[in-house]
Amino acid sequence: MTRLPGLLDTEAIRKDFPILDRVVHDGQRLVYLDNAATSQKPRQVLDVLNDYYERSNANVHRGVHVLAEEATALYEGARDKVAAFINAPSRDEVIFTKNASESLNLVANMLGWADEPYRVDQDTEIVITEMEHHSNIVPWQLLSQRTGAKLKWFGLTEDGRLDLSEIEQTITEKTKVVSFVLVSNILGTVNPVEAIVRRAQDVGALVVIDASQAAPHMLLDVQALQADFVAFTGHKMCGPTGIGVLWGRQELLEDLPPFLGGGEMIETVSMHSSTYAPAPHKFEAGTPPIAQAVGLGAAVDYLTSIGMDNITRHEHALTHYAVGRLLEVPDLRIIGPTTAEERGATISFTLGDIHPHDVGQVLDEQGIAVRVGHHCARPVCLRYGIPATTRASFYLYSTPAEVDALVEGLEHVRNFFG
Amino acid sequence: MKLDSMYQDVILDHYKNPHGRGLRNGDAEVHHVNPTCGDEITLRVRLDGDTIEDVSYEGQGCSISQASASVLNELLVGKELAEAHRIQETFLELMQSKGKAEPDDAMEEVLEDAIAFAGVSKYPARVKCALLSWMAWKDATSQALGETAGGKTA
């Protein structure tokens, strides 16, 4: 068995994840390498979800009965846990949404309806990058179409990094908001936050960071990032689906208008007008995803108990090993950085002219789960002149043996279509 | 092995040596995509009265989608429209069978090489790949007959 420095005790960790014992297709042990799409869930999270529904289920914030109080305490307790996890200065800066897409749409809509000095209109500009997930492209395209603001973006270099060579022409005095991904979901690239934030601050633009592929894998410190908004989702970090987070600086959350109206987000309502609850409730209209938030809290506890730095170290070692092994496969081209430096544990590649769909199908037959397609980042595929990629993505329970299984599986793919 | 039921030799042969690939003159052209995976096809239909004179296409995608377009070309060119629609409907029925259709001789007679796609119908994620060119053909034919407002190009 391959031993690499920095690896976690995956034998122990894998015992927490019942699904990893699954056998598929008549006896193939599951090799789950689709963690960038969603992570598996540890027993510790599944138990908390179950407990919540079996013991404490109620709606939050209103009832005076014991279950309502327990549910509220659990829901708000999850907010405390998430706030601590991302080093938020205040728990009131943590807004629960249903996923990162909703978080990003929420910011775009806050700005779309905002007054000065945040107002986005036809005289202003929005800046994104070519490596964004569609969820950080389309909300800004919509905002641009509705307000007349100009949408601009940073292009990519050949080796899968942001081309910031014209940063001063891209982020200008007209720029109102800069939104970019911290870790690319298709290229694996870790982006240079500081350079972009510094330029954005120089021109007074707001900074939004899509941390969906970062929060599960590295220490996320919203104060160190110096962004104005940070979005991520729960299900990629051992939590359930249906729960996302938008962190925003308190003064912005106070100033910016609500987007969705309804129960929970109000102070008083009359037939003529309403006043709003303070953040975060101002942005959480309706019954929130209560169990899901509680589950996310349990996921945060789980990840913290392992240690985010340890997870990063594990994935870095594994990525280094995987990149090396994959580059040994004939005709394999990595789309993205070809070293483990400044990159996460998501590796996209093409294999000769075998279509990724076919690659994924033959791998699946061997029990190996990868993602194929454009990964909701079609502009990246267009940029590199490819229709799609095969993507293997690792997490804290992934092992060198699984990398080996992938490499052997790809050999089988080549033989099959050779 | 289940994989062989999807990747029949007939399918792999069509994938490696596609029939009628390339765009030629047509009465209507459509461009269809499969948004979940990025497979694309541009397809043209040329009619001579009720007879399909040519189906030409260009596209990118997996072996299933490419082989399916090749089989379509082989099967439909030269056929009367009514017969072609019958083949298309039979193929659709087979692909929507979730692997449960037991292709009989009658079906095999209609579908010829396309019967090889029976195994694909067990894989829900791949059914759309197999149907991409057939949906494009149906759309292009409607347009060529002036049945939709889409005009001659899509």
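Just so you know, all these numbers are worked out from the coordinates, no wet-lab data involved. A quick note: this is a predicted structure, and the numbers were derived from the prediction, not measured. Neighbour counts are summed over all protein chains in view; Cβ atoms, including those assigned to glycine, are modelled from backbone coordinates with ideal geometry.
In table form, for the structure just shown:
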item	result
Hull volume in cubic angstrom per residue (convex hull over the Cα atoms of chain A)	144
Unit charges at the beta carbon, dipole of the range B:1-140: most positive-side option, B:Phe91, B:Ser5, B:Leu111	B:Ser5
Expected 222 nm ellipticity per residue - DSSP helices of 4 or more, -39500 (n - 2.57), all of chain B, to 500	-14000 deg cm²/dmol
For the range A:44-122, size of Cβ-based charge dipole, Lys and Arg +1, Asp and Glu -1, in debye	80
Calculated [θ] (222 nm, deg cm²/dmol) that DSSP helices of n ≥ 4 give over chain A, each run adding -39,500 (n - 2.57)	-11000 deg cm²/dmol
Other protein chain Cβ atoms within 10 Å, averaged over every residue that makes up B:35-46	3
Magnitude of the charge dipole, the protein assembly as shown, Cβ model with Lys/Arg +1 and Asp/Glu -1, debye to 20	800
For B:Met107, A:Met271, A:Met237, A:Met265, order by how many other beta-carbon atoms lie within 10 Å, fewest first	A:Met271, B:Met107, A:Met265, A:Met237
Volume per residue that the Cα convex hull of the range A:1-98 spans, once the total is divided by residue count, Å³	171
For A:Ser274, A:Ser39, A:Ser179, A:Ser101, order by how many other beta-carbon atoms lie within 10 Å, fewest first	A:Ser274, A:Ser101, A:Ser39, A:Ser179
Other protein chain Cβ atoms within 10 Å, averaged over every residue that makes up A:354-363	6
Leading residue at positive end of dipole, the range A:46-305 (Cβ point charges), from A:Val107, A:Gly263, A:Gly188	A:Gly263
Relative packing of A:406-412, B:64-70, which averages over residues the other C-beta atoms within 10 Å, highest first	B:64-70, A:406-412
Bins of 5 Å, starting at 0 and running to the largest distance - Cα pair percent for the range A:294-418	2, 10, 20, 21, 18, 14, 8, 5, 2, 0
Kirkwood estimate for the range A:315-368, i.e. one over the average of 1/r between Cα atoms, Å	11.9
Debye log10 I(q)/I(0) for the range B:2-144, one point scatterer per Cα, at q = 0.10, 0.12, 0.18 Å⁻¹	-0.29, -0.42, -0.98
Alpha-carbon centroids, the range A:51-65 and the range A:345-371: separation in whole Å	44
Amide hydrogen neighbours beyond the local backbone of A:Arg343, cut-off 5 Å, H modeled	A:Val190
Gyration tensor (alpha-carbon) shape descriptor, the range A:130-228, a/c threshold 1.5	rounded
Neighbour-count ranking [beta-carbon atoms within 10 angstrom, fewest first] of A:Phe154, A:Phe394	A:Phe154, A:Phe394
